[in-house]
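The structure appears below as structure tokens.
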Amino acid sequence: AHLLGLVIIAHAHGTHGIRRLVDAGHDEIEHCSWLDHTDGVEYDADCAASMRARGIRVCRTIAGFERWPLEELGPEHRAWDAFAPLRAMAECGIDLVAGTDAGIDQTGFGGLRLTLETMVGLGGLSHGQAFHAATRGAARALGIERIAGSLEPGRSADLIAVTGDPRHDIRHLRDVRFVMARGRVIRGHTQ
């Protein structure tokens, strides 16, 4: 696939499978849950360091049943331990991509906002890191960073307007006032 200029992305929950994907030279791993054979967590710091060094991205794919508003999250939350691998990967410096796993049980489309809040509250990302994971990071993962993911001349005019800066408080994404896709107003109006 790389000889044809294609990106290689695979799904892996188990640590053994994650190691194999890293050794095989995949570009991105979906889920990357670091589970052992009993569904316990088996985070491999050496493997994670190798992922960072090789530029392997991770999309944790936070499903609907594991997303919460930021105000409900923190070390006392019942899911804190389940997100330890995400916190470790963020601390390690692995390039993280925001993903919702939409389409599976209890996970409809439109849950990205809560995914980002969960990435901050349980995943240990800063507000800016979570925002980047959904914009530039996601565009780079999809191979469309030359046309999307940031507001620059010559790029697709895909943007939203909110009441504050989500790079400083991801909760500003709760109040979307304007949506433009490919230069066409979808919601709101221009003046």
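Determine whether the stretch 155-174 contains at least one residue that is surrounded by 14 or more Cβ atoms within 10 Å (Cβ to Cβ), out of contact with any strand residue (DSSP E or B) (no Cβ under 7 Å at 6 or more places or on another chain), without any contact (Cβ under 8 Å) to a residue 24 or more places away in the chain and not polar (S, T, N, Q).
Yes.
Of the residues that sit in the stretch 1-46 and are open to solvent by less than 60 Å² (accessible area, probe 1.4 Å), of a type outside the set (D, E, K, R) and part of a loop (DSSP other than H, G, I, E, B), which one is farthest from T115 (Cα to Cα)?
G25
Within the stretch 101-110, can one find any residue that is closer than 21 Å to G164 by Cβ, in a helix (DSSP H, G or I) and not acidic (D, E)? Break it down stepwise before answering.
Going residue by residue through the stretch 101-110, those that are closer than 21 Å to G164 by Cβ are 110.
If we keep only those that are in a helix (DSSP H, G or I) too, we end up with none.
Checked against the condition, which is being closer than 21 Å to G164 by Cβ, in a helix (DSSP H, G or I) and not acidic (D, E), the stretch 101-110 yields no hits at all.
Of the residues that make up the stretch 124-132, is at least one in contact with a Gly (Cβ under 6 Å, 6 or more places away or on another chain) and not hydroxyl-bearing (S, T, Y)? First the steps, then the outcome.
We begin by selecting, within the stretch 124-132, every residue in contact with a Gly (Cβ under 6 Å, 6 or more places away or on another chain); these are none.
No, because not a single residue in the stretch 124-132 is in contact with a Gly (Cβ under 6 Å, 6 or more places away or on another chain) and not hydroxyl-bearing (S, T, Y).
If I ask for residues that are at pLDDT 95 or above and open to solvent by 60 Å² or more (accessible area, probe 1.4 Å), which ones from the stretch 53-71 would you list?
A53, R54, E71
Return the residues of the stretch 74-97 that are in a loop (DSSP other than H, G, I, E, B) and open to solvent by 20 Å² or more (accessible area, probe 1.4 Å); say none if nothing qualifies.
Of the stretch 74-97, the ones in a loop (DSSP other than H, G, I, E, B) are 74-80, 93-95.
Of everything in the stretch 74-97, those that are in a loop (DSSP other than H, G, I, E, B) and open to solvent by 20 Å² or more (accessible area, probe 1.4 Å) turn out to be P75, E76, H77, R78, W80, G93, D95.
Residues G108, G103: which one is loosely packed, with under 13 Cβ neighbours inside 10 Å and without any contact (Cβ under 8 Å) to a residue 24 or more places away in the chain? Let's see the steps before the verdict.
Details: G108 fails: without any contact (Cβ under 8 Å) to a residue 24 or more places away in the chain.
Being loosely packed, with under 13 Cβ neighbours inside 10 Å and without any contact (Cβ under 8 Å) to a residue 24 or more places away in the chain holds for just one of G108, G103, which is G103.
Identify the residue in the stretch 175-185 that is outside any loop (DSSP other than H, G, I, E, B) and open to solvent by 90 Å² or more (accessible area, probe 1.4 Å) and, among all such residues, is farthest from G154 (Cα to Cα). Full working, then the answer.
First, pick out the residues of the stretch 175-185 that are outside any loop (DSSP other than H, G, I, E, B): 176-181, 184-185.
Still in the list and also open to solvent by 90 Å² or more (accessible area, probe 1.4 Å): 177, 184.
Details: R177: 24, R184: 15 Å.
Step by step, filter the stretch 175-185, then rank; the result is R177.
The values are calculated or read from the model by the stated rules, or taken from the named source; none is laboratory data. The shown structure was predicted, so the numbers you read here are calculated from the model rather than taken from an experiment. Methodologically, a virtual Cβ is constructed for each residue, glycine included, from the backbone with ideal geometry; neighbour enumeration extends over all protein chains shown. When the accessible area is computed, the model is the full protein with side chains, heavy atoms only, and any ligands, DNA or RNA have been set aside. Shrake-Rupley method; radii C 1.70, N 1.55, O 1.52, S 1.80 Å.
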